[in-house]
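Only one structure is covered here, and it is reproduced in the block below.
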Amino acid sequence: MLIVDDSGFPKQGRMSPGVAHQFCGALGKQAVCQVRVSLTLANETLGCPVNWRLFLPEEWNEDTERRARCHIPDEIHHRPKWQLALDAINELGEWGVDVGVMPVLGDAGYGEITAFRLGLEQRELTYIVEVKSSTSAHPADAVPSAPPRTGRSGRPRTPKYPWAMSLKAIRAALPDAAWEQVAWRDGSKGALSSRFAAVAVRPANVNIPRDPDTRELPLRLLVMQWPDGAAAPSKYWLSNKPINTPIADLARFGKARWRIEQDYRELKDALGIDHVEGRSWNGWHRHVTLVSAAHVFLTLERQDPKAPAPISASSKS
């Protein structure tokens, strides 16, 4: 899998590249921080970050003093996080990684961006990305119709869909039989399972290309998780996987993004990715590259059954 994510790192002062008062995920609020977009290669048991992008807020575009002091290249300017993620995927393909065989996962910060989903589709990539329950769509059986002419002449009117519904409203119309109990992976206390449902929908947005002949919006899968005992579903995803994809596979991929939390914890707590005190653009990139290389090394060591056990401090003494 390819997991797209970003993380904020609190900073002091205003001279680190990309620093600004913006949302910081580590603190859960607006704060002075850097934001880094990451691309992780993962499967169900391990993951490794393989590409990073430093988010440059718009205020840095014309701040020549700070740009010069941080040695930011002239060609580097503000790009949205979702576009940085697509840039990272492009570069991974240029390195020879067959990105076309791996689904792309991301949270609602990316899944809610129609341009991001379209960018993945233009690259012929499959995805299952989180979205909000308020995201609008049409039921699969909705069809566009042309309003009647008001006169005898004039061009035929463009077929249009009726008002779109929220994903929450589409969920409310599903019968109880649509929900299945699915186990997505083994946890430390046994199999992790929940109720899931998947239904075809037509995401609604003026920028989504329509079929040139029928004017229909494309079909996509809406996947939902409704934990036992909860008053409402907790997760919504959109996916361009085939409509007949088994719900167990959709649940497994949708929930697989948890890997990034494990990786971030190790990158921060054990390897110090957020401890860089450099003030230059190149210095930041060198730091995250070395930390990522260390993370890959530790991941490979853990996977080697013949590797010697670590020597504890007590046994050394």
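The values are calculated or read from the model by the stated rules, or taken from the named source; none is laboratory data. In this text, all values refer to a predicted model and were calculated from it rather than measured experimentally. All Cβ positions, glycine included, derive from the backbone under ideal geometry; neighbour counts span all protein chains shown. Just so you know, the surface numbers come from the protein's heavy atoms only, side chains and all, with ligands and any DNA or RNA stripped out. Shrake-Rupley method; radii C 1.70, N 1.55, O 1.52, S 1.80 Å.
Among the numbered criteria (1) open to solvent by less than 20 Å² (accessible area, probe 1.4 Å); (2) more than 20 Å from Arg257 (Cα to Cα); (3) touching a helix residue (DSSP H, G or I) at 6+ places or on another chain (Cβ under 6 Å), which single criterion is violated by Pro103?
Going through the list (1) open to solvent by less than 20 Å² (accessible area, probe 1.4 Å); (2) more than 20 Å from Arg257 (Cα to Cα); (3) touching a helix residue (DSSP H, G or I) at 6+ places or on another chain (Cβ under 6 Å), Pro103 breaks only (2).
Identify, please: which residue in the range 154-205 is part of a loop (DSSP other than H, G, I, E, B) and of a type in the set (A, V, I, L, M, F, W, C) and is, among those, most open to solvent (accessible area, probe 1.4 Å)?
Step one: of the range 154-205, the residues part of a loop (DSSP other than H, G, I, E, B) are 154-159, 161-164, 173-175, 179, 188-189, 204-205.
With the extra rule that they be of a type in the set (A, V, I, L, M, F, W, C), the set shrinks to 163-164, 173-174, 179, 204.
Values: Trp163: 238, Ala164: 44, Ala173: 79, Leu174: 38, Trp179: 32, Ala204: 27 Å².
It comes out as Trp163.
Given the residues Ile243, Ile208, Ile260, which is the only one that is touching a residue at least 60 places away in the same chain (Cβ under 8 Å) and assigned to a loop (DSSP other than H, G, I, E, B)? Full working, then the answer.
Values: Ile243 fails: touching a residue at least 60 places away in the same chain (Cβ under 8 Å); Ile260 fails: assigned to a loop (DSSP other than H, G, I, E, B).
Ile208 is the lone residue from the list that is touching a residue at least 60 places away in the same chain (Cβ under 8 Å) and assigned to a loop (DSSP other than H, G, I, E, B).
Among the candidates Glu124, Glu91, Glu130, Glu65, single out the residue that is under 23 Å from Phe23 (Cβ atoms) and either open to solvent by 20 Å² or more (accessible area, probe 1.4 Å) or at pLDDT below 95 (or both).
Details: Glu124 fails: under 23 Å from Phe23 (Cβ atoms); Glu91 fails: under 23 Å from Phe23 (Cβ atoms); Glu65 fails: under 23 Å from Phe23 (Cβ atoms).
From the options Glu124, Glu91, Glu130, Glu65, the qualifying one is Glu130.
Report those strands (runs of 3 or more DSSP E) wholly inside the range 1-44 carrying at least 1 residues which are open to solvent by less than 50 Å² (accessible area, probe 1.4 Å) and in contact with a His (Cβ under 8 Å, 6 or more places away or on another chain).
29-42
Hey, can you tell me all the residues within the range 160-207 that are of a type in the set (Val, Ile, Thr) and at pLDDT below 90?
Val206
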